[in-house]
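Worksheet: the structure to be examined is printed underneath.
The values are calculated or read from the model by the stated rules, or taken from the named source; none is laboratory data. Bear in mind that the values here come from a model prediction, so they are computed numbers and not experimental data. Cβ placement follows ideal geometry from the backbone for every residue including glycine, while neighbour counts extend to all protein chains displayed. Calculation scope for accessible area: heavy atoms of the full protein, side chains included, ligands and nucleic acids excluded. Shrake-Rupley method; radii C 1.70, N 1.55, O 1.52, S 1.80 Å.
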Amino acid sequence: MSRASAATLQGIDDFVTGFLGYEKKAANIIAAADGEPDAVLANTYAGFTWMFLEAEGAKAMAGKYLARAEAAAAGANERERMLIAQLERWIADDIPAVQAIGDEIVARHPRDLTSVKLHQYFSFNRGDAANMLRIAKAAEAANADNPHIHGMLAFGYEQLHDLETAEREARLALKLKTKEPWAQHALAHVMLGTGRVEEGVQFLAEAQRTWVDLNSFMYTHNWWHKALFHISQGDHAAVFDAYDNHVWGIEPGYSQDQVGAVSLLARMEVAGMDVGNRWEDVADHMRGRGRDTIQPFLTLQYLYGLARAERVEADELMRAVEEKAATSSAFDRVVWREVALPAARGVLAHARGDYAAAAKWLSVANPRMTEIGGSHAQRDLFGQLLLDAHLKLGNWVIAQQMLEMRRTWDPDGVPVNQALALVKERLGTAA
């Protein structure tokens, strides 16, 4: 870096290690930047931190730190200048440029794992698993002894369905560092995708002992994964415990915590669980999302949660999606028009009990849902809503095909097999 006091250096170290390890201390960069406004790297990273909030107002706050970094840029080094350019392009919503700069940073500075992780974040939000893996592999040789690169590799491989390699990389990361929550997360994905439900519960029960000082996203998201295993087991008490004590309520104003709650509540209902008034509490914290079209993956889940709670903001958000699809000239305009718009119509219909419309629109969107971002496990929500719509409509033949496909990765799943038994009974094919 070009310059920093000892206190600012500590804030930078906290950001880098906290960002890679999903720990709360990453946020210490804000105070460090405020304490030294002409420290280029600290202020650039503080701008990144605001942008990660994925919320209205984040750009304005990030812009404040960008201005500081730019004012001090005369003394910046090459890497810092590239990072400043990344932040400027991010605020401008020019994500392709952000990633192009990131490619250059990683090529010149392969030990900069913060830049590798940032690059993966943007690829993840675009459903580009191949690019997630590519950037991690570009830095692999320079970081062979670092657990974080193996966690990043593991998740890239998992999203490309190379589960054997994903598991090997995840286990290598955990051998190097027991508390590597992204590798734990990648391994949970592998176990979910291979039907190893009992093993998944046991693994995460052991791993959760290390979930100390994690940021709310990583803490709640790994608990979310544990809840998915419990749903498969039919263990409703464990699912409610996970939701009430670990998935919801940690940082209820944060985007990722909100969509995690929406996604889990929807799955719980599809599995036949009565969630009571839990939708209302989540919707109370999503009141400000009525125009939020920052990311389609997030927007669709805000929309579902607001609609399930019968909030007027759901109609406002639906209009915002329609407007975005019709007028956007950004790099993701095709995704909004051809994928997010029909998906939004589908999830809104499902949330309001119009299952015919839900089946119609989700059938259009689901083959391309990868493009909205998120992981396989997260996007499976939309497949479950489509399946539920067909079951509600009595489309037994279609439902049977979908259920048999689900059994290939969840062979012992209680909700899957209960639904399949119902379908076979209605079709007169029960054994």
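Give, rounded to the nearest 20 debye, the magnitude of the charge dipole that the chain has about its Cα centre when Lys and Arg contribute +1 at Cβ and Asp and Glu contribute -1 at Cβ.
On the way: 44 positive and 57 negative charges, 115 e Å.
Dipole about the Cα centre, nearest 20: 560 debye.
Could you work out how much longer the chain between Asp354 and Arg291 gets when fully extended? Use 0.36 nm per residue separation minus the Cα distance between them, nm to one decimal. Present the calculation step by step, with values, prior to reporting the outcome.
Values: separation 63, 0.36 × 63 = 22.68 nm, distance 2.32 nm.
So the chain would gain 20.4 nm between Asp354 and Arg291.
Taking a 18 Å limit on the Cα-Cα distance, which of the listed pairs Lys360/Lys392; Lys25/Lys179; Lys25/Lys137; Lys24/Lys179; Lys24/Lys175 fall beyond it?
Working: Lys360/Lys392 13 Å; Lys25/Lys179 15 Å; Lys25/Lys137 27 Å; Lys24/Lys179 14 Å; Lys24/Lys175 23 Å.
Pairs exceeding the cut-off: Lys25/Lys137; Lys24/Lys175.
Each residue was assigned an accessible area with a 1.4 Å probe, and for His285 the value is about 80 Å².
What number, in percent, do you get for the relative contact order of the range 346-401 if the mean sequence gap of Cα pairs under 8 Å and at least 6 apart is divided by its residue count? Display every interim value, and only then the final one.
Working: 42 pairs, mean separation 19.8, N = 56.
Once divided by the residue count of the range 346-401, the mean separation gives 35 percent.
Largest accessible area first, the listed residues Glu78, Glu56 line up as Glu56, Glu78 when surface is computed with a 1.4 Å probe on the assembled protein chains. Entry for the range 283-323 at q = 0.25 Å⁻¹: log10 I(q)/I(0) = -0.71, Debye formula applied to identical alpha-carbon scatterers, no solvent contribution. Taking every protein chain into account, the 1.4 Å probe leaves Val347 with about 0 Å² of accessible area, to the nearest ten. Straight-line reach from Lys117: taking Cα to Cα under 12 Å and skipping same-chain neighbours fewer than 8 places apart, the aspartates and glutamates in range are Asp103.
For the chain, the longest principal axis of the Cα atoms and the long axis of helix 216-233 meet at an angle of about 20 degrees. Rolling a 1.4 Å probe over the heavy atoms of the protein chains gives the chain an accessible area of 40 Å² per residue. A simple charge model with +1 on the Cβ of Lys and Arg, -1 on the Cβ of Asp and Glu and nothing else charged puts the dipole of the range 330-398 at about 160 debye relative to its Cα centre. For the range 323-393, trypsin sites (Lys or Arg not before Pro) are listed when DSSP marks them as loop and at most 16 other Cβ atoms sit within 10 Å of their Cβ; the list is Arg352. Put a plus charge on the Cβ of each Lys and Arg, a minus charge on the Cβ of each Asp and Glu, and nothing anywhere else: the dipole of the range 53-114 about its Cα centre is then about 240 debye. The three principal axes of the Cα atoms in the chain give end-to-end lengths of 76, 48, 34 Å, sorted in falling order. Charge tally for Asp332 (other residues, Cβ to Cβ under 15 Å; Lys, Arg +1; Asp, Glu -1): -2. Compute the helix-to-body angle for 414-427: its Cα long axis versus the longest principal axis of the chain, expressed 0 to 90° and rounded to tens. For helix 414-427, the angle is close to 40 degrees. Met1 contributes about 100 Å² of solvent-accessible surface, heavy atoms of the protein only, 1.4 Å probe.
Within the shell defined by Cβ-Cβ distances under 15 Å, the residues around Ala4 carry a net charge of -3, with Lys and Arg each +1 and Asp and Glu each -1.
With runs of 4+ DSSP H residues as the only contributors, calculate the mean residue ellipticity of the chain at 222 nm using -39,500 (n - 2.57) per run, divided by the residue total and rounded to the nearest 500.
Details: 23 runs with 297 residues, N = 431.
Mean residue ellipticity, 222 nm, calculated: -22000 deg cm²/dmol.
As a test of reading the structure, rank Lys179, Lys25 by solvent-accessible area (1.4 Å probe, protein chains only), most first.
Numbers: Lys179 50, Lys25 75 Å².
From most accessible down to least: Lys25, Lys179.
Only loop residues by DSSP count here, and only those with at most 16 other Cβ atoms within 10 Å; note down the chymotrypsin sites (Phe, Trp or Tyr not before Pro) in the range 279-363 that meet that.
Working: sites: Trp279, Phe297, Tyr302, Tyr304, Phe331, Trp336, Tyr355, Trp361; in loops: Phe331.
Loop-located and lightly packed - Phe331.
In degrees from 0 to 90, rounded to the nearest 10, what is the angle of the helix 396-407 Cα long axis to the longest principal axis of the chain? That works out to roughly 50 degrees.
I need the semi-axes of the equivalent ellipsoid of the range 177-227: take the C-alpha gyration tensor, multiply each eigenvalue by 5, square-root it, list largest first in whole angstrom. Mind dumping the intermediate values first?
Numbers: eigenvalues 61, 22, 18 Å².
Each semi-axis is the square root of five times an eigenvalue, giving 17, 11, 10 Å.
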